[in-house]
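Read through the structure below, which is laid out as structure tokens, and then see the notes.
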Amino acid sequence: MSSLPDDIKLKAEAEFPGCQVFLDDISGGCGAMYRVTLVWDGFEGMNRLKKHQRVNAAFKAEIAKMHAFEQKTFTKAQYEEELAKTATNPEETQ
């Protein structure tokens, strides 16, 4: 039997081929609250709402098992910009 984090990572790789997925347990111990950051060039041209709808549809079954689900979605270029911004302004990491 696989764990929810494993399920999320496997689903991300299947639904978003070539993506980078970063998964953070933000539950404080219960294991049912996650922040998922997806970096995938397939998001190119999508606004935030469209990206989040795509992710919500892909993770529908996994989200149903959680108390909370937070997502961040970027293309590779957007992610690099985000990393540069947070490197110069560390308080903006969340």
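The values are calculated or read from the model by the stated rules, or taken from the named source; none is laboratory data. Computed from a predicted model, the values in this text were never measured in an experiment. Every residue, glycine as well, gets a Cβ built from its backbone with ideal geometry; the counts of neighbours run over all protein chains shown. For accessibility, only protein heavy atoms count, side chains too; no ligands or nucleic acids. Shrake-Rupley method; radii C 1.70, N 1.55, O 1.52, S 1.80 Å.
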TODO: Among the GluC sites (Glu not before Pro) in the stretch 39-77, which ones are in a DSSP loop with at most 11 other Cβ atoms within 10 Å of the Cβ? Mind listing them?
DONE: Glu44
TODO: Can you tell me how much longer the chain between Leu10 and Phe22 gets when fully stretched, taken as 0.36 nm per residue apart minus their C-alpha distance, in nm with one decimal?
DONE: 3.1 nm
Open item on the list: Report for the chain the percent antiparallel among DSSP-assigned beta bridges with both residues inside it, nearest 5.
Closed with: 45 percent
Open item on the list: Whole-Hz ³J(HN,Hα) for each residue in the stretch 50-66, computed from phi via Karplus 6.51 cos²θ - 1.76 cosθ + 1.60 with θ = phi - 60°, x for glycine and proline: what do you get?
Closed with: 5, 4, 5, 4, 4, 5, 4, 5, 5, 9, 3, 5, 5, 4, 4, 8, 10
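Give the ranking of Phe59, Phe69 by solvent-accessible surface, highest area first, calculated with a 1.4 Å probe. Please list the in-between numbers first.
Numbers: Phe59 0, Phe69 45 Å².
Order by accessible area, largest first: Phe69, Phe59.
Counting other Cβ atoms within 10 Å of each Cβ, which trypsin sites (Lys or Arg not before Pro) in the chain have at most 15 and sit in a DSSP loop? Present the calculation step by step, with values, prior to reporting the outcome.
Details: sites: Lys9, Lys11, Arg35, Arg48, Lys50, Lys51, Arg54, Lys60, Lys65, Lys72, Lys76, Lys85; in loops: Lys65.
When the trypsin sites (Lys or Arg not before Pro) of the chain are filtered for loop state and at most 15 Cβ neighbours within 10 Å, Lys65 remain.
So, with +1 on the Cβ of K and R and -1 on the Cβ of D and E, and no other charges, what is the size of the charge dipole of the chain about its Cα centre, to the nearest 20 debye? Walk me through the numbers before you get to the answer.
Working: 12 positive and 15 negative charges, 75 e Å.
Roughly 360 debye, rounded to the nearest 20.
Please give the length that would be gained between Met46 and Ser3 if that part of the chain were fully extended, namely 0.36 nm times their separation in residues minus their C-alpha to C-alpha distance (nm, one decimal). Don't skip to the answer; put the middle values down first.
On the way: separation 43, 0.36 × 43 = 15.48 nm, distance 3.04 nm.
Gain in length upon complete extension: 12.4 nm.
Expressed as a fraction of 2.2 N^0.38 Å, the rule-of-thumb size for a compact globular protein of N residues, what is the C-alpha radius of gyration of the chain?
Dividing the Cα radius of gyration by 2.2 N^0.38 Å gives 1.09.
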Open item on the list: Per residue, how large is the accessible surface of the chain? Use a 1.4 angstrom probe and give square angstrom.
Closed with: 63 Å²
TODO: Could you work out how far helix 76-88 tilts from the main Cα principal axis of the chain, as a 0 to 90 degree angle to the nearest 10?
DONE: 70 degrees
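Given a 1.4 Å probe and every protein chain left where it sits, what share in percent of the accessible area of the stretch 1-70 is carbon and sulfur?
51 percent
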Task: Solvent-accessible area of Ile63 with every protein chain in place, 1.4 Å probe, in Å² to the nearest 10 - done: 50 Å²
Task: Charge sum, other residues only, whose C-beta stays under 15 Å from Gln71's C-beta, Lys/Arg counted +1 and Asp/Glu -1 - done: +3
Task: 222 nm mean residue ellipticity, helices alone, for the chain (DSSP H n ≥ 4; -39,500 (n - 2.57); rounded to 500) - done: -12500 deg cm²/dmol
